[in-house]
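Report on the following structure.
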Protein chains: 2
Amino acid sequence: MSQTLTHPDIESPKRQAILQAAGALFMAQGYGAVSMDAIARAGGVSKATLYAHFQSKDALFANIVGTGCRQSIQTSDFLPDAVTDVEAALTGLGQRMLRFLLAERTLAIHRIVIAESVRFPELGRAFYDNGPGMFRRVFAAWLVRQQQAGRLAVPDPDLAADQFVGMLRGAGVFTRATLGLAPGPTEAEINATVEGAVRTFLRAFAVRA
Amino acid sequence: MSQTLTHPDIESPKRQAILQAAGALFMAQGYGAVSMDAIARAGGVSKATLYAHFQSKDALFANIVGTGCRQSIQTSDFLPDAVTDVEAALTGLGQRMLRFLLAERTLAIHRIVIAESVRFPELGRAFYDNGPGMFRRVFAAWLVRQQQAGRLAVPDPDLAADQFVGMLRGAGVFTRATLGLAPGPTEAEINATVEGAVRTFLRAFAVRA
DNA sequence: GTCTATAGAAGGATAGAC
DNA sequence: GTCTATCCTTCTATAGAC
């Protein structure tokens, strides 16, 4: 109703500065630990300007995290394009997937969604639908195509997709990264995790010679 | 130094009331959303009494979560006792493990540790060492014994343990429960997840006939 | 739209009586 | 140890000038 009155230019440099500053702060410290004062200071604007662009702290937070969830998953990036070799395709998929999951930005969004989904229930839903849920749909469909091509035998594609992602996240390198434990994951650990997941997956689902 | 001065009776009913009230509130709402006022009110004590037993909000929080982490994992509960049948043992282990992971109390501790481990780094370490890390050690050792008995072929027991737990948590039922998404997991989903994890695990690591 | 200044509420922690 | 009452800080949000 008052949308035409406030009508903040979506390209406004101040607005962009606010979003960037708020995003960095929220990701690093969570919802409760960040004050509007701190956001205004980091963004180089006054608090009044901040409230001219966003109705409340909640609204600003929802904007940040919603955008983060939507931008985070580019499913096409993960889908193996050339499908001549299933093992190579799965390995490439696993590498991109695990490295994406371990990126500091992804970890931050993951942490914050888990933390705040109790207070903002729509947050958990948006994250799942745009993240894990969407990936599972696309990956399961890919598994079905491989099965039709005679390269895999996957009785339950949804379950198999969950298992593959589950083995990547495992209880090892990803769990420690989520908890912020030092030292961070090494290249060797990442490669071993991916190779192990592919090996186990293929032993279970490859078509026997 | 002032330990003998304050010397709060560890069995004090007021102290117990505080711990119980604070635990419920922290688990349900997280660190930032809970005030000392609310804890005092819920515990039926005054704020001064609260501060007589705990030096600060941080200290009270650390006590709650530390205790929760330590009590949460009774590794012996998860270890298959009779080992005549590996598949049955793994299925029993998986059932107990997944149901434990899905318990509301476990989910609450898991959420809160992830949320606050950025601000309280020692929290993530304590949780991992007493939870996933300890379980992995014990489970990997069990896998080695099964291998020595000729029932399994597990080249990397740590990786295999991570994979089994990873498939249980998967990207499905546990992920949705962590995000608080309705509806909750059904019996059928839980059973399918466990059976699927055991089947995939055995296809990868069972000794071929 | 943007600022300075401030209102109004809530939280963490303490003083002092008992 | 426990209470009541309160201090000080910090927070969200707004009023009013430009």
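Read-outs: derived from the displayed coordinates by stated rules, not from any lab. Just so we're clear, the structure is a prediction, and the values are computed from it rather than from any experiment. Here the Cβ positions follow ideal geometry from the backbone for every residue, glycine too, while neighbour counts run over all protein chains shown.
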Next item on the list: Convert each backbone phi in the stretch B:39-46 into a coupling constant with the Karplus relation 6.51 cos²θ - 1.76 cosθ + 1.60 (shift: θ = phi - 60°), then list the ³J(HN,Hα) values in order as whole Hz, x for Gly and Pro.
Entry: 5, 4, 4, 5, x, x, 10, 8
Check: Of B:VAL194, B:VAL45, B:VAL165, which is the most mobile in a GNM of chain B whose springs link Cα atoms less than 10 angstrom apart?
Finding: B:VAL45
Next item on the list: Report the net charge of residues surrounding B:PHE100, where surrounding means a beta-carbon distance below 12 angstrom and charges are Lys +1, Arg +1, Asp -1, Glu -1.
Entry: +2
Check: Taking a label point 7 Å from Cα toward Cβ, how far is B:ARG119 from its twins in the other copies, in nm, shortest first?
Finding: 0.9
Margin query: Taking the 0 to 90 degree range and rounding to the nearest ten, how far is the long axis of helix A:187-205 tilted relative to the main principal axis of chain A, both from C-alpha atoms?
Written below: 50 degrees
Check: Out of B:LEU123, B:LEU102, B:LEU179, any idea which swings most in a Gaussian network model of chain B, alpha carbons joined below 10 Å?
Finding: B:LEU179
Checklist line | Anisotropy class of the stretch A:123-174 from Cα gyration tensor, a/c 1.5 cut | finding: oblate
Item checked: Ascending count of other beta-carbon atoms within 10 Å, so fewest first, for A:PHE120, B:PHE201 -> A:PHE120, B:PHE201
Checklist line | Around A:VAL45: net Lys/Arg minus Asp/Glu count, Cβ-Cβ under 12 Å | finding: +3
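Of all the Cα-Cα pairs you can form in the stretch A:13-205, what percent are over 20 Å apart?
So the pairs more than 20 Å apart make up 60 percent of the total in the stretch A:13-205.
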Next item on the list: Indicate the gyration tensor shape class of the stretch B:99-209 (rounded, prolate or oblate), computed on the Cα atoms with a ≥ b ≥ c the square roots of the eigenvalues: a/c under 1.5 is rounded; otherwise a/b larger than b/c is prolate and the rest oblate.
Entry: oblate
Check: Can you give me the Cα centroid spacing of the stretch A:6-67 and the stretch B:166-186 in angstrom?
Finding: 32 Å
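Can you pull the mean other chain C-beta count within 10 Å for peptide A:124-133?
The shielding value for this peptide is 4.
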Margin query: Through the Karplus equation 6.51 cos²θ - 1.76 cosθ + 1.60, θ set to phi - 60°, convert the phi angles of the stretch B:55-65 into ³J(HN,Hα) values in whole Hz; use x for Gly and Pro.
Written below: 5, 7, 4, 4, 4, 4, 4, 4, 4, 4, 5
Note to self: Would the protein assembly as shown count as rounded, prolate or oblate if I go by the C-alpha gyration tensor, calling it rounded below 1.5 in a/c and otherwise prolate when a/b exceeds b/c, oblate otherwise?
What the structure shows: oblate
Next item on the list: Output, in nm with one decimal and in ascending order, the distances from the A:GLU87 label point to the matching label points of the other copies (7 Å from Cα along Cα-to-Cβ).
Entry: 2.7
Notebook entry, point to check: Relative contact order of chain A: what whole-number percent is it, with Cα pairs under 8 angstrom and at least 6 residues apart?
Noted result: 19 percent
Next item on the list: Once you've got the GNM for chain A with C-alpha springs shorter than 10 Å, pick whichever of A:ALA149, A:ALA40, A:ALA160 has the biggest mean-square fluctuation.
Entry: A:ALA149
Note to self: Below 8 Å between Cα atoms, with a sequence gap of 6+, how large is the relative contact order for the stretch B:88-209 in percent?
What the structure shows: 33 percent
Item checked: Estimated [θ] at 222 nm from DSSP helical runs (n ≥ 4, -39500 (n - 2.57)) normalised by residues in chain A, nearest 500 -> -22000 deg cm²/dmol
Next item on the list: Please get the size of the charge dipole for the protein assembly as shown, origin at its Cα centre, with Cβ charges of +1 on Lys and Arg and -1 on Asp and Glu, quoted in debye to the nearest 20.
Entry: 260 debye
Checklist line | Rounded to 10°, Cα long-axis angle of helix A:132-148 versus longest principal axis of chain A | finding: 20 degrees
Margin query: About the Cα centre, and with charges only on the beta carbon of Lys, Arg (+1) and Asp, Glu (-1), how big is the dipole of chain B? Nearest 20 debye, please.
Written below: 180 debye
Margin query: Nothing charged except the Cβ atoms of Lys and Arg (+1) and of Asp and Glu (-1): what's the magnitude of the dipole of the stretch A:131-191 about its Cα centre? Round to the nearest 20 debye.
Written below: 160 debye
